[in-house]
1. What is the sum of charges, Lys and Arg at +1 and Asp and Glu at -1, for the other residues whose Cβ falls under 12 Å from the Cβ of Ala48?
2. Once the whole set of protein chains is in place, how much accessible area is left on Met183, using a 1.4 Å probe, in Å² to the nearest 10?
3. Per-residue counts of other Cβ atoms within 10 Å, averaged by peptide: what ranking do you get for 165-177, 332-344, highest first?
4. Would you mind getting me the FRET efficiency between Glu271 and Ala33? Use the beta-carbon distance for r and R0 = 22 Å, nearest 0.05.
5. With the cut-off at 1.5 for a/c, could you classify the stretch 142-200 from its C-alpha gyration tensor as rounded, prolate or oblate?
6. Of the peptides 46-57, 108-119, how do they stack up when ordered by the mean number of other Cβ atoms within 10 Å, highest first?
7. Test of understanding: what is the full-extension gain from Arg344 to Gln109, defined as 0.36 nm times their sequence separation minus their Cα-Cα distance?
8. So for each of 31-43, 242-254 I average, over its residues, the number of other beta carbons within 10 Å; can you give me the resulting order with the highest mean first?
Amino acid sequence: MASPVDWRFAERVALRFSGSDPFAASYHAESLAPDFTELTTEAETLVAETTGLRSLAGPARAKVVDRSAWVKANLASFERLLRPLLEKVDNRTGNGLPASLAAKVTAAQVGTLLGWMSGRVLGQYDLLVVDDETAANQDLVYYVGPNLLNLEKRFGFPPREFRLWIALHECTHRAQFTGVPWMREHFLGLVRQAIDLVEPDPDRLVDMVKGALGTARNRRRALDDGGLVNLLATPEQRSVLNDIGGLMSLLEGHGDVTMDRAAAGRVPSAERFARVLRERRRNQHGVAKIVQRLLGIEAKLAQYEAGERFIAAIEAAAGPHAIDRCWEQPANLPSLEEIRAPQRWLSRMGVESAVA
């Protein structure tokens, strides 16, 4: 049976929408690969010293890519991750479209999304393992060269400082997934659980849309919490999405906190980097603003900030190592509600305040 997604067409669409950057082929790009090879090693050491999390999968490996290579890597990951869902989809589309045309429509949507994102992402730790690729293309820390160069030139960022700062964030994520033995499988298990709950029947999807659009208040709340995915989710799906949201809030908040602490003394411009990128994300307008909201990116940014506040709150109450309880077992991870109300997590953990 043909795939419900024409992945090759998705790639062509994504590459069309990814655009180009004037610095991509300039002499400035020549320093990226050697810099990130060196700075990723340094960042991994700094992260381990700051967090106590040491990778069980060997040293980190950096790979500088352009937008097209980032698109291809993520399409390969998507194809593998979504395979169980796509296997449940038959050739019925519910709208009278032939299967081949429906596959292209879906591919166009996926490709447009990835193409748009490829111009904005700076770095990414790829925790997925693609079945048919060799070890040389797995467990990599990606850096999207053109996007990094664009920011360096646009805002006058000192390149070596900025690159180390970005490497610190991505190496923190790698430490979370390779230094906590159960984290990778737990996260992927939550994602699989969310996918398993998806019902590909078109008629049911229509009913879900009608229910989600019941009131303006429900619409706003669902979009604020997680974009279209959350808007269309059933209560059971939303529960799993909240578990994923709580985990991602924790990991991103921990990533930002670790990045700042590990950068102390090594990246004098770190505060400026953070301020500029934060303002850049918040000041999106027009189509970009709408896309961010529909995709749940605005909600994710708010969750990440909540993750930082959660860590600050539990450290203020129980000391600098309170976060370590989260790495002991999955049951210790905070829910999204506990991220928003840290005292609930402290009470559940039975953590006594270290503050007199």
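1. Numbers: positive: Arg54, Arg174; negative: Glu42, Glu44, Glu49.
Here the count lands on -1.
2. Surface open to solvent at Met183 totals about 0 Å².
3. On the way: 165-177: 25.8, 332-344: 17.9.
Highest mean packing first, the order is 165-177, 332-344.
4. Details: r = 28 Å, r/R0 = 1.26.
According to the calculation, E is roughly 0.20.
5. Working: a/c = 5.47, a/b = 1.99, b/c = 2.75.
Oblate shape, in that a/c is at least 1.5 and b/c is the bigger or equal ratio.
6. Details: 46-57: 17.4, 108-119: 19.8.
Averaged packing, sorted descending, gives the order 108-119, 46-57.
7. Numbers: separation 235, 0.36 × 235 = 84.60 nm, distance 3.98 nm.
Full-extension gain reported as 80.6 nm.
8. Details: 31-43: 18.6, 242-254: 21.8.
Packing proxy ranking, top to bottom: 242-254, 31-43.
The values are calculated or read from the model by the stated rules, or taken from the named source; none is laboratory data. From a predicted model like this one, the values you see are computed outputs, not experimental measurements. Glycine gets a Cβ as well: all are built from the backbone with ideal geometry, and neighbour counts include every protein chain shown. Please note that ligands, DNA and RNA were not included when accessible areas were found on the heavy atoms of the full protein model with its side chains. Shrake-Rupley method; radii C 1.70, N 1.55, O 1.52, S 1.80 Å.
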